1. Would you confirm, using the coordinates I've provided, whether A:ILE281 is assigned by TED's automatic domain parsing to the domain that holds A:ALA170, at pLDDT below 95 and either farther than 29 Å from A:ALA60 by Cα or hydrophobic (A, V, I, L, M, F, W, C) (or both)?
2. Return yes when A:VAL13 is assigned by TED's automatic domain parsing to the domain that holds A:THR158 and assigned to a loop (DSSP other than H, G, I, E, B) and no when it is not.
3. Tell me the residue from A:SER185, A:SER206 that is among the polar types (S, T, N, Q) and either part of a strand (DSSP E or B) or in contact with a Lys or Arg (Cβ under 7 Å, 6 or more places away or on another chain) (or both), please.
4. Would you check if B:ALA110 is within 19 Å of the chain's Cα centre (by Cα) and assigned to a strand (DSSP E or B)?
5. For the stretch B:255-270, which residues satisfy the criterion of being in contact with a helix residue (DSSP H, G or I) (Cβ under 9 Å, 6 or more places away or on another chain), surrounded by 14 or more Cβ atoms within 10 Å (Cβ to Cβ) and part of a loop (DSSP other than H, G, I, E, B)?
6. I need a count of the residues in the stretch B:297-329 that are part of a loop (DSSP other than H, G, I, E, B) and of a type in the set (D, E, K, R).
7. Enumerate the pairs (first residue in the stretch A:427-438 and assigned by TED's automatic domain parsing to the domain that holds A:GLN458; second residue anywhere and β-branched (Val, Ile, Thr)) with beta-carbon separation below 7 Å, excluding pairs fewer than 6 apart on the same chain, so at least 6 apart or on different chains.
8. Does the stretch A:81-96 contain at least one residue that is modelled with pLDDT of 95 or more and farther than 30 Å from B:GLU372 by Cβ?
Amino acid sequence: MNYETVIGLEIHVQLKTQSKLFCGCSTRSAYERDVPPNRHICPICTGHPGVLPRPINRKAVELAVRLASAVRSSIHPESDFDRKNYFYADLPKGYQITQHGKPLAEGGFIDFILDGIDQRIDLNHMHLEEDPGKSKIEGGVWLVDMNRCGVPLVEIVTQPDLRSASEAAAFVTEFRRIVRYLGVSEGNMEMGNLRCDANVSIRPSSSDPLGVKTEIKNLNSIRFLEDAVNWEIKRQIRVLNAGGEINQITIAWDDQVKEGQLSREKESEADYRYFREPNLIPVAISEAFIADASIDLPELPARRLRRYIREHEISPSDAVTLIDERSVADYFESVLMIYSGATKRAADWVRNHVLRALNDPENAFNQINELPVTAEYLAELLDLMDAGVISDALGPQIFQKIIETGRSPKQIIEQEGLRPPEEDDLIQIIDQVLADDPVTVRRYREGNDKVLNRLIGQVMKQTRGRADAQKVRSLLIERADAL
Amino acid sequence: MSDALWQYSATDLREMIQSRQVSAVEVCEALINRIESVEGRSGGLVQQEDEIDTRHIHAFIHPLSLESARKKAGSIDEMISRGDDPGILAGIPFAVKDIFCVKDTRTTAASSILKNYVSPYTSTVVERILAAGGILLGKTNLDEFVYGSSTESSAFKPVTRNPVDPSRVPGGSSGGSAAAVAAGEAVLSLGSDTAGSIRQPAAFCGVVGLKPTYGRVSRWGLIAMAASLDCVGPLTRNVKDCALVLQVIAGQDSKDWTSVTEPVPSYPDLLSDAAVHHTFKGLKIGWPTEYFEDPELINPDESADILRAIERAADLYKSLGAEIVPVSLPHTSYAIPAYFVISRVELASDLHRFDGVKYGHRTNQPVDDLYEMYEATRTEGFGVQPKQRVLMGMHVSSAGYADQLYDRALRLRALIRQDFHRAFEKVDLIMAATTPTTAFPLGGIFGDTVQMQNADRLTVPANHAGVPAISLPCGLDSSGLPIGLQLIGPDFREDRLLQVAYAFEKENN
């Protein structure tokens with residue numbers, strides 16, 4: 001039998017705030033690896049008796065609203081907080097403050113491109129909540145780290161509209177780009193800034209009712225997501241084909257063995273006894289607040305990607321490289337605004353030289369805005385090459401000089417004497433080379449064109465690379481033929 | 001003279017201390033002497049009650065903080081001699097219900113699950129009284145996690161006894177706080193009121209107790225019972241003292257999002273004869289017929305002395321120029337059932353945190369996994385009341401029951417609130433009895449959870465509605481036990497309650 005896969009995602013995103021959602025503790029542990037356990041905690045986030053949540057972190061609300069606004073989710077003018085009650089070692093209050101009845105926003109959609117085809121996935125809703133801590137068992141001892149308790153999260157829940165693991169992966173890739181474009185989250189999946197749960201079910205193709213779903217928990221990389229979903233689809237098909245039935249369970253993905261671990265209990269048995277959190281008043285979100293939070297919303301990455309492919313005729317794979325990081329794409333567009341030459345040439349330079357310089361561990365910078373080769377300098381360099389002021393061969397060398405000195409291309413060309421020689425001077429050099437190497441000249445004149453390159457090389461050496469190789473070639477031929 | 005100092009009110013003592021008639025140290029020593037003569041053993045774990053205990057009060061719990069009290073009293077005296085402003089409550093010894101966190105001291109909620117818990121911070125109300133110059137003597141006993149109306153369910157024994165008649169309960173859950181003030185062991189105290197836990201013990205012990213408007217006083221540092229109903233308030237010897245304490249503790253607190261920005265008037269200044277006289281001009285006092293006639297709320301035979309006392313109070317108010325207007329609060333008899341559900345849903349969730357992971361009791365039994373640890377810890381640490389209430393709370397908030405029970409209870413609460421709002425369109429405040437009976441004997445109804453909860457039936461409506469209510473002494477019944485007059489006002493009209501209460505107190509003495 002043929003089956004259709006139905007996938008819905010729940011994505012948790014840590015909002016990029018300095019402090020936690022309901023107390024003043026630092027969120028540093030979400031971004032730095034060497035923070036000792038239980039360093040950034042207080043009576044509030046560790047659930048001491050008598051504590052109350054502080055008024056909500058405004059910045060967190062602002063970032064969540066910014067995200068909602070960017071994905072066209074409709075924001076409720078007032079939203080409530082509820083308690084989700086359950087016992088766990090890393091949940092100090094024994095309940096998580098979340099939004100159940102009246103979430104921050106509902107609806108919205110995310111567009112992305114998969115294999116050249118435009119896709120749109122609808123969102124069910126989006127809500128704010130506090131992150132629990134972390135716990136693990138080591139040597140038979142439970143260890144609990146509460147640094148993460150209370151870090152602000154936004155959870156987005158998609159409609160069950162995804163139809164394959166690769167679609168789910170493409171969706172999360174796009175979503176991660178979006179939160180980074182908007183500046184609402186670092187989106188570092190390895191650090192847990194963005195975590196994914198996937199609800200997976202299958203149904204006979206052309207059948208309407210949804211199958212029983214299972215939930216794969218805490219997938220912290222896009223590759224794990226794809227592997228885990230594929231594994232689960234195969235498992236479900238095997239179970240159904242063997243005449244069995246799917247139970248509503250949760251699955252923990254073990255990436256070491258590339259296998260899921262099935263929970264024993266049925267997920268439907270969990271009862272979180274949601275009720276309104278009496279210590280918090282509803283959050284009112286005014287039109288003005290939304291407007292402020294949505295200021296300078298950038299063009300979303302998928303849209304940018306489509307534009308690069310269709311308007312600039314950049315190949316899809318090159319375009320993805322350019323749009324992946326907003327700062328790189330912004331840089332590229334700044335270059336385009338100044339540079340008068342071909343878009344493709346600018347794109348190639350950004351991909352080949354700028355990105356390489358950023359990724360070079362030798363360099364002291366890793367942000368594009370720290371790169372000494374500003375968009376202005378790169379455009380200037382490209383224009384100088386196009387105008388023949390310098391040879392193309394010198395481009396990379398000047399690029400490197402800018403990084404080393406921070407000076408402009410023009411300054412470097414002047415100071416290093418890199419302008420190509422005047423034609424008269426060049427002819428003089430060529431004549432000298434021809435005169436110095438009569439053997440090679442003779443072979444050339446006997447019809448051996450290959451030796452011409454040796455002569456060109458000698459001229460280039462004499463000019464320290466400043467001369468345009470094409471020009472040297474034609475002048476050489478002219479002068480040699482005239483001998 | 002200094003031996004009798006324990007009898008004075010805070011209002012008098014602050015005058016005497018600030019004018020240097022007496023020193024704060026003398027006042028402090030007088031209170032300590034008084035405690036030594038009437039307190040007996042303060043509440044502790046695993047203490048068998050002896051015959052001698054039946055003659056003492058046992059208002060406190062844990063060791064008293066007498067050394068720091070003496071030190072603070074000395075520093076208050078120094079400030080006064082230097083001419084510095086020592087604060088509104090300078091040199092006034094006070095006691096705190098052991099449901100409020102005080103930094104570096106044991107805070108147990110009278111439960112053995114917190115028997116060794118030392119709080120890392122101080123509640124806002126205690127901080128404000130300390131900042132106003134108050135001298136903390138110690139923590140008072142209460143029902144375990146405030147779950148009760150007699151203070152008998154405390155894990156710390158001997159149980160607190162009523163200073164008026166030690167064979168009777170002091171009421172609860174703020175029984176220790178009421179008894180301490182009534183017995184002269186503290187000039188004033190702090191309590192919490194979720195269904196009547198300040199007003200009922202105040203009535204039983206013959207002191208003044210105020211439940212302010214929800215949001216008027218910060219709950220930061222108050223261990224929650226039912227966060228949507230909990231209120232913090234004072235227990236005092238008289239109405240002026242009550243006004244004094246309220247002025248110190250009221251007002252917005254950035255640590256409690258539900259506390260309100262409503263300005264705090266100078267409550268003591270509003271108790272001048274002229275201001276009170278002015279209030280009585282055209283004053284309409286509501287007489288809620290249900291509180292006097294509904295057979296589910298009141299038995300006229302059982303409550304005969306109380307009803308007579310309230311009628312006498314009404315006559316006095318009439319003589320002062322007030323008009324007594326019958327009003328109806330038709331949903332009053334649903335207040336207890338709705339409270340049963342709402343409070344238990346909230347408290348079951350609030351008690352989740354006592355799990356042995358972070359602080360408090362953790363089982364010593366060998367366990368195989370986390371859930372076994374929870375089970376053993378909570379079984380050992382919680383007494384009968386928390387267990388019973390958690391079970392019910394989990395049941396009524398579970399999927400499938402929440403709609404039928406919890407959501408309906410919330411709707412009832414909205415109706416009760418509406419009753420009050422409608423009544424306050426017609427009248428300025430409402431008068432009623434605080435309790436349907438006077439103090440009952442120790443062991444009288446302890447163990448019967450429903451009957452014990454029912455002791456709050458005249459006080460809990462104000463908690464549902466969030467409105468302020470005060471209980472003040474209004475005579476004695478035929479057995480010589482104090483009767484409480486309850487005045488209930490609209491939101492944030494504590495000023496009016498205090499004025500009308502003060503007028504009664506002044507005329508009645």
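1. The answer is yes for A:ILE281.
2. Numbers: assigned by TED's automatic domain parsing to the domain that holds A:THR158: yes; assigned to a loop (DSSP other than H, G, I, E, B): no.
Spelling it out, it is not the case that A:VAL13 is assigned by TED's automatic domain parsing to the domain that holds A:THR158 and assigned to a loop (DSSP other than H, G, I, E, B).
3. Numbers: A:SER206 fails: either part of a strand (DSSP E or B) or in contact with a Lys or Arg (Cβ under 7 Å, 6 or more places away or on another chain) (or both).
Every option except A:SER185 fails the conditions.
4. On the way: within 19 Å of the chain's Cα centre (by Cα): yes; assigned to a strand (DSSP E or B): no.
When the stated conditions are applied, B:ALA110 does not pass them.
5. B:LYS255, B:ASP256, B:SER259, B:VAL264, B:PRO265
6. Of the residues in the stretch B:297-329, the ones part of a loop (DSSP other than H, G, I, E, B) are B:297-303, B:320-322, B:328-329.
Checking which are of a type in the set (D, E, K, R) leaves us with B:301-302.
Adding up the residues that qualify gives 2.
7. Listed pairs, sorted by first residue: A:ILE429/A:VAL459; A:ILE429/A:THR463; A:ILE430/A:VAL459; A:VAL433/A:VAL459; A:LEU434/A:VAL441.
8. So far as the stretch A:81-96 goes, yes, one or more of its residues are modelled with pLDDT of 95 or more and farther than 30 Å from B:GLU372 by Cβ.
The values are calculated or read from the model by the stated rules, or taken from the named source; none is laboratory data. Just so it is clear, the structure is predicted and the values come from calculations on it, not from any experiment. Virtual Cβ from ideal backbone geometry, glycine too; neighbours counted across all protein chains shown.
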